[in-house]
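The values are calculated or read from the model by the stated rules, or taken from the named source; none is laboratory data. Not measured: the values here are computed from a predicted model. Cβ: placed from backbone, ideal geometry, glycine included. Neighbour counts: every protein chain shown.
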Amino acid sequence: MADGGAARDQARDDGGAVADAYRAILSDTMAYRIGCDVLDSRRSPWRMATLPWRLIGLARADSARARAQARAQARASAAAAAGTARRAAAQSEPADAAAVLVADVLVADVLVADVLTGRRDAAAALAALAPDRTGDAAARARLLLDAARALAPLRPLAAQRLAAAAARIWPPGAAAAAQTLAEAGALAAPAALMAASPADAAPPWLARTRDAALLAAEGLPTPPRAPRAAPRGAAVAYVAHLSEPHHRSGYAVRTRHMVQALAATGLEMLCATRPGYPWDRRDAIAVGDAADGQMVGDVAWRRFPAPALGEAALSDFWAAAADRLEEWLTESGAGVVIAGSNHVNAAPALIAARRLGLPFIYDVRGLWEDSEASRRDGWERTERYRLARRLETQIAAEADGVCALGGALAAHLADRGVDPARIVVAPNGVDAAAFDPQARAPDLRARAGADAGTGTGAGAGDALFAFVGSMERYEGLDLIVAAMARSPLRDRMRLVAVGGGPGARAAMEAAMAAGFGDRVTLTGRVAPEEAARWLAAADAAVYPRRDETVCRLVPPLKPLEAMAAGRPVIVSDLPALRDLVGGEQTATLVPPGDVAALSAAMTALADDAARRARLAAAGRAFVVAERSWQTACAPLAALIAALR
């Protein structure tokens, strides 16, 4: 009897295990998940309205899983093909041995197999490199160049290796290989491959590459400083890389506020964008409205036609731009010249100032070569990166004064040889009066679904976290999604991401895969007024930047706007960010890349309205007292006065 009962219990346990396994398999099918979403949509009008988006998200997640399986199969095929190639190496000719070496490179760099997946069979592609399969060197070279071009925007060093191997395997294709090398950040190699090409017949890309190689070897040829003009004008000329209304980036916002803050001290401000802007920018807004003397706020901005940046060799562009800026500075009676980042914009302003004997200040907004390195793996080991770093250092070292965006950036410039006595820090600021900490946007909360929950957010709905800004990979938008996924309050949290960039799609796909895609809202790029309303709708803002060079040195602008809006902020504990927000008394700091710590911080804010209110009040008080644009720009105004 006892044995029979035990058998029945065991059978029930076995049956339960089978049922659990069956349910687990069923719950992972598209049909089950679609059915659940359809039934769930009947709970509220909002869920019904968002059903199409959630179904699209399910389809994308399923496609992503299929792609992952294909990549795994491609890796296995690539490894098998490489084994064949290596075994053939002992009997191969020298050119074929090089091809076998490249096959190993392809296998070692998994991303190459990923790129080839879907375009052709990875195993066949790699096998084509093996000497025992084909003797067609041209075909092998074309295959290598296809892979190199695909990799250049992502993995430039791997692309360089493939392009160089293609040139060795098939010398008649050297021109195509050289151009690919240049696109991947090389300078000397493409110039050497095309050494026989006459200068007067060189294609534009080659002229630009040869010019860059010369700059890398010799640096920027700045003229000697002319005797100081006497008497000098009283105005301060500012040359910006871009400006409103044609761009709405943090760079453009900072420029407008800096100019206004300096003008408020009594300085006469003359403003211009680099020659050629905005006509040479594909991402510029309302280019048809661009005109010389265009008003931005209370300031008239000069716009100068010039050769399009990127089409001419950099030295040729600088020569034309310096001539035009020199004319403007002379006509306007400027006494001090300031130019914002980067070296492309600053070099012609420095040259013009030197010719006229005017003091020059370099306003270092960031290190754009490090921003590029954050997007392209290995970029910091390319010649293009080293050229940009050299020019940035040279211009800062030759300037009469340097204005750095933060203390970490100032220390970094000093480490690179810039005289620290000539560096001042003008941090990012915010116009706190433009933000009402009592404002709410219930319509936007409803749009994000935050008013339909049962959490402790504003209005007793779910806690709505906001990210506002450019969605670069290093901003860590995917980390916010991962932190929400592991929170015990995940069903009481929502996220709105305001802006655009490569991180948006990855974040949404991660949210869909975690099963809460309907809790993430992507708005795309919006007007500044709309971004401010999203901050008003949110309960907190999150900026979990990754621990990368650009993030350690260059602070963003948007966390200050969130603090001015009376919203508590969570930021990564990196030098630039800690300095920006004032430390632990005014913001929540988490170790960069620590999803568990980020999740705990978000959970604490979601679960504690009093904590949110306390941090919000402290953050708002800090930016009002310490981060107004007038306060931020005071060191720069003092530097200008000392140089006049």
Quiz item: Are there any pairs, at least 6 apart or on different chains, whose C-beta atoms fall under 6 Å, with the first in segment 424-445 and within 14 Å of Val624 (Cα to Cα) and the second among the basic types (Lys, Arg) and not in a loop (DSSP other than H, G, I, E, B), and if so, which?
Solution: Pro437/Arg620
Quiz prompt | Index of the failed condition, Trp328 passing every other in (1) among the aromatic types (Phe, Trp, Tyr); (2) touching a Leu at 6+ places or on another chain (Cβ under 9 Å); (3) within 24 Å of Leu157 (Cα to Cα) | solution = (3)
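Results for (1) outside the structural domain of Ile361 (by TED's automatic domain parsing); (2) out of contact with any Asp or Glu (no Cβ under 9 Å at 6 or more places or on another chain), shown as yes or no for each residue.
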site: Thr209; (1), (2): yes, yes
site: Pro224; (1), (2): yes, yes
site: Pro245; (1), (2): no, no
site: Arg248; (1), (2): no, yes
site: Arg256; (1), (2): no, no
site: Leu267; (1), (2): no, yes
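Does Ala158 count as in contact with an Asp or Glu (Cβ under 6 Å, 6 or more places away or on another chain), modelled with pLDDT under 90 and assigned to a helix (DSSP H, G or I)? Let's see the steps before the verdict.
On the way: in contact with an Asp or Glu (Cβ under 6 Å, 6 or more places away or on another chain): yes; modelled with pLDDT under 90: yes; assigned to a helix (DSSP H, G or I): yes.
Yes: the conditions hold for Ala158.
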Quiz prompt | Residues (more than 14 Å from the chain's Cα centre (by Cα) and among the acidic types (Asp, Glu)) located in segment 510-554 | solution = Asp518, Glu529, Glu530, Asp539
Practice problem: All but one of (1) buried (at least 19 other Cβ atoms within 10 Å of the Cβ); (2) of a type in the set (A, V, I, L, M, F, W, C); (3) within 30 Å of Glu183 (Cα to Cα) hold for Leu444, so report the exception by its number. | Solution: (3)
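Check segment 179-186 and report whether any residue there is within 20 Å of Arg375 (Cβ to Cβ) and touching an Asp or Glu at 6+ places or on another chain (Cβ under 7 Å). Talk me through it step by step, then tell me what you get.
Of the residues in segment 179-186, the ones within 20 Å of Arg375 (Cβ to Cβ) are 180-186.
When the remaining residues are screened for being touching an Asp or Glu at 6+ places or on another chain (Cβ under 7 Å), the result is 185-186.
Looking through segment 179-186, at least one residue is within 20 Å of Arg375 (Cβ to Cβ) and touching an Asp or Glu at 6+ places or on another chain (Cβ under 7 Å).
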Quiz item: So which residues in segment 588-637 are farther than 19 Å from Pro559 by Cα and outside the structural domain of Ala466 (by TED's automatic domain parsing)?
Solution: Ala634, Pro635, Leu636, Ala637
Quiz item: What strands (runs of 3 or more DSSP E) completely inside segment 295-409 contain at least 3 residues that are within 24 Å of the chain's Cα centre (by Cα)?
Solution: 360-364
Exercise. Check whether at least one residue in segment 414-432 is in contact with an Asp or Glu (Cβ under 6 Å, 6 or more places away or on another chain), of a type in the set (Val, Ile, Thr) and in a loop (DSSP other than H, G, I, E, B), and report yes or no.
Key: yes
Practice problem: All but one of (1) under 28 Å from Arg525 (Cβ atoms); (2) modelled with pLDDT under 90 hold for Arg274, so report the exception by its number. | Solution: (2)
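Determine, yes or no, whether Leu464 is aliphatic (A, V, I, L, M), under 24 Å from His257 (Cβ atoms) and either without any contact (Cβ under 8 Å) to a residue 60 or more places away in the chain or not in a helix (DSSP H, G or I) (or both).
On the way: aliphatic (A, V, I, L, M): yes; under 24 Å from His257 (Cβ atoms): no; either without any contact (Cβ under 8 Å) to a residue 60 or more places away in the chain or not in a helix (DSSP H, G or I) (or both): yes.
Criteria not met by Leu464.
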Quiz item: Are any residues in segment 483-509 surrounded by fewer than 22 Cβ atoms within 10 Å (Cβ to Cβ), part of a helix (DSSP H, G or I) and over 15 Å from the mean Cα position of the chain (by Cα), and if so, which ones?
Solution: Ala485, Arg486, Arg490, Asp491, Arg492, Glu509
Self-check item: Top-ranked residue of segment 325-384 - restricted to ones that are surrounded by 24 or more Cβ atoms within 10 Å (Cβ to Cβ) and among the β-branched types (Val, Ile, Thr), ranked as nearest to Pro556 (Cα to Cα)
Solution: Val364
